[in-house]
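A quick write-up on the structure given underneath.
Here, each number is a calculation from the coordinates, and none is a lab measurement. Not measured: the values here are computed from a predicted model. Heads up, the Cβs are rebuilt from the backbone with ideal geometry, glycines too, and the neighbour counts pull from every protein chain shown.
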Amino acid sequence: QVHLVESGGGVVQPGGSLRLSCAASGFTFSSYAMHWVRQAPGKGLEWVAFVRYDGSDKYYADSVKGRFTISRDNTKNTLYLQMNSLRPEDTAVYYCAKEYYDYIWGRMDVWGKGTTVTVSS
Amino acid sequence: DVQMTQSPSSLSASVGDRVTITCQASRDITNYLNWYQQKPGKAPKLLIYDASDLETGVPSRFSGSGYGTDFTFTISSLQPEDIATYYCQQYDNQPPTFGQGTRLEIK
């Protein structure tokens, strides 16, 4: 059974850092691209970042570019999101999502349950 | 960025009704459009991809159509378990962008 489990969320002060993890199981993790998508409280979905199956290429939303870094460890079947210089507007539930394709984006066909990040003093 | 505009923002319908949601892109995205369902407190779930293809395991009462800039999502006969917020999402251009969502309630 395909499964994604996020972890690493919590409460952090503005300007702080946090690293999210997403553990994958039930599929060949190294064969698929991956996404991070977030949802602020009471708001809609916002795509955050994308990484190709082999980590060779990465894309970011303008709102996080230069502050967030997506990465993956295919030996550990794990996706990461390093979040630095956090702002109150980064407060959201962060979902990792499996991409259907390996090197391009198309559709997010499996989602984790999400992990909550709260940026507040 | 490609802007995706959904309408309506919220909708109330009765069990058995036919429900239609529209999504308009700010420029031509051919058929590079997906539809997701998000139930309260849950993660999104892919329902429709490439504008009209039904994801495996999704009931056939869900369907999608459209091409270019105008797209439609339909539930042929609304069921109680369909209460959710529905999002369209384009992937023709970077970054992938979502519509603002349509909240569906039972009347």
Rounded to whole Å, √(5λ) for the Cα gyration tensor eigenvalues of segment A:59-121, largest first, gives 23, 13, 13
Report the charge-dipole magnitude of the protein assembly as shown in Debye, nearest 20, computed about the Cα centre from +1 at each Lys and Arg Cβ and -1 at each Asp and Glu Cβ.
-> 600
Given a Förster distance of 22 angstrom, what is the FRET efficiency for A:Thr69 paired with A:Val5, based on the Cβ-Cβ distance and rounded to 0.05?
-> 0.60
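With the Cα gyration tensor of the protein assembly as shown giving a ≥ b ≥ c as the square roots of its eigenvalues, does the rule (a/c under 1.5 for rounded; else a/b larger than b/c for prolate; else oblate) give rounded, prolate or oblate?
prolate
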Evaluate the relative contact order of segment B:1-95 (contact order divided by residue number), counting alpha-carbon pairs under 8 angstrom at least 6 apart; express in whole percent.
-> 37
Pairwise FRET efficiency - A:Ser85 versus B:Ser10, Cβ, R0 = 45 Å, nearest 0.05 | 0.80
How big, on average over all directions, is the shadow cast by the Cα convex hull of chain A, in nm²?
-> 6.8
Here the residues of segment A:94-121 lying in the modelled label zone of B:Gln94, meaning backbone nitrogen under 12 Å from a point 7 Å along Cα-to-Cβ, are A:104-105
Can you tell me the dipole magnitude for segment B:38-96 around its Cα centre, using point charges on the Cβ only (Lys, Arg +1; Asp, Glu -1), in Debye to the nearest 20?
-> 260
In nm, the gap between the two label points placed 7 Å beyond Cα toward Cβ at B:Tyr67 and A:Ala23 is 4.6
Put +1 on the Cβ of every Lys and Arg and -1 on every Asp and Glu Cβ in the protein assembly as shown; which of B:Thr69, B:Ile21, B:Tyr32 then has its Cα farthest towards the positive end of the dipole?
-> B:Ile21
Between A:Lys76 and B:Lys39, with labels modelled 7 Å along Cα→Cβ, what's the label distance in nm to one decimal, could you check?
-> 3.3
Pairwise centroid distance, computed over Cα atoms, of segment B:47-81 with segment A:44-121, Å | 26
For chain B, divide the Cα radius of gyration by the Kirkwood radius and give the resulting Rg/Rh value with two decimals.
-> 0.94
Do you know the relative contact order of chain A, to the nearest whole percent, from alpha carbon pairs under 8 angstrom that are 6+ apart?
-> 36
At a Förster radius of 25 Å, what calculated FRET efficiency corresponds to the Cβ-Cβ distance of B:Arg103 and A:Thr116, to the nearest 0.05?
-> 0.75
